[in-house]
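The values are calculated or read from the model by the stated rules, or taken from the named source; none is laboratory data. Keep in mind that what you see is a predicted model, and the values were worked out from it rather than measured. With ideal geometry, Cβ positions are generated from the backbone for all residues, glycine too; neighbour counts draw on all protein chains shown.
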Amino acid sequence: MNYLAHARLSFHQPEILVGNMISDICERQKEGRLSLLVQKGIMLHRAIDTFTDTHEATMEAKQLFRPYYRLYAGAFVDVVYDHFLANDDNEFNPDQLMTFSQETYSLLDPDVYQMPAPFAAMLGYMKKQNWLFNYRYRWGIQNSFGGLVRRAAYLTDSTPAFSVFEDHYEQLQKCYAAFYPDVKQMAWRYFQDIFSA
């Protein structure tokens with residue numbers, strides 16, 4: 001799952017949110033310097049990613065991107081899932097998504113000192129360009145695909161990814177619908193467990 005989903009599945013707990021958002025960038029040897037709840041947020045992120053990668057619906061969605069992107073297929077599916085989450089009437093209407101996006105940025109700001117420098121820098125762009133809200137739009141997904149390619153060592157072109165997204169929109173939406181309730185339930189149980197531990 002991508003940034004919107006990881007934010008949503010942090011259940012409004014600020015330090016869990018920080019860990020959940022920085023996990024992919026945080027160096028493992030530096031995790032011990034972070035607060036316990038941020039560390040637990042990192043653990044939650046990894047549990048969500050493992051569940052996502054092995055879910056049957058995600059495996060189906062990845063097959064659509066794999067001919068063009070091989071091992072990176074899952075990264076594109078993560079972005080696609082954020083699009084459908086942003087348009088999921090069971091989670092947000094547009095006003096609620098805007099409010100959630102702004103609240104997420106506000107929750108992250110006080111803990112910027114705990115963030116790896118690359119994420120702290122990226123957070124500025126995320127807020128200015130309102131990534132979390134703009135996942136609603138196809139152009140927002142196109143931009144996100146472009147950013148993914150720019151950050152990846154061995155990718156050069158996001159055009160095939162956007163074509164797959166457009167050409168298989170309904171199939172990908174069905175994959176999301178089959179997947180998201182399961183990951184939400186799993187993440188909530190995990191969240192409760194890490195607070196009771």
(message) So for region 121-132 (the condition being of a type in the set (S, T, N, Q) and touching a Lys or Arg at 6+ places or on another chain (Cβ under 9 Å)), does at least one residue qualify?
(response) no
Q) Does region 44-51 contain any residue that is over 12 Å from the mean Cα position of the chain (by Cα), free of Cβ contacts under 8 Å to residues at least 40 places away in the same chain and more than 21 Å from A117 (Cα to Cα)? A) yes
Taking region 155-193 and the residues there that are outside any helix (DSSP H, G or I) and in contact with a Phe, Trp or Tyr (Cβ under 8 Å, 6 or more places away or on another chain), the one that is modelled with the highest pLDDT would be S158
- Query: Within the bounds of region 9-17, is there any residue that is on the phi > 0 side of the Ramachandran plot and either touching a residue at least 60 places away in the same chain (Cβ under 8 Å) or surrounded by fewer than 18 Cβ atoms within 10 Å (Cβ to Cβ) (or both)?
  - Reply: yes
- Kindly check whether there is at least one residue in region 28-36 that is outside any helix (DSSP H, G or I), small (G, A, S) and either surrounded by fewer than 15 Cβ atoms within 10 Å (Cβ to Cβ) or out of contact with any helix residue (DSSP H, G or I) (no Cβ under 7 Å at 6 or more places or on another chain) (or both). yes
(1) surrounded by fewer than 18 Cβ atoms within 10 Å (Cβ to Cβ); (2) without any contact (Cβ under 8 Å) to a residue 60 or more places away in the chain all hold for K62 apart from (1)
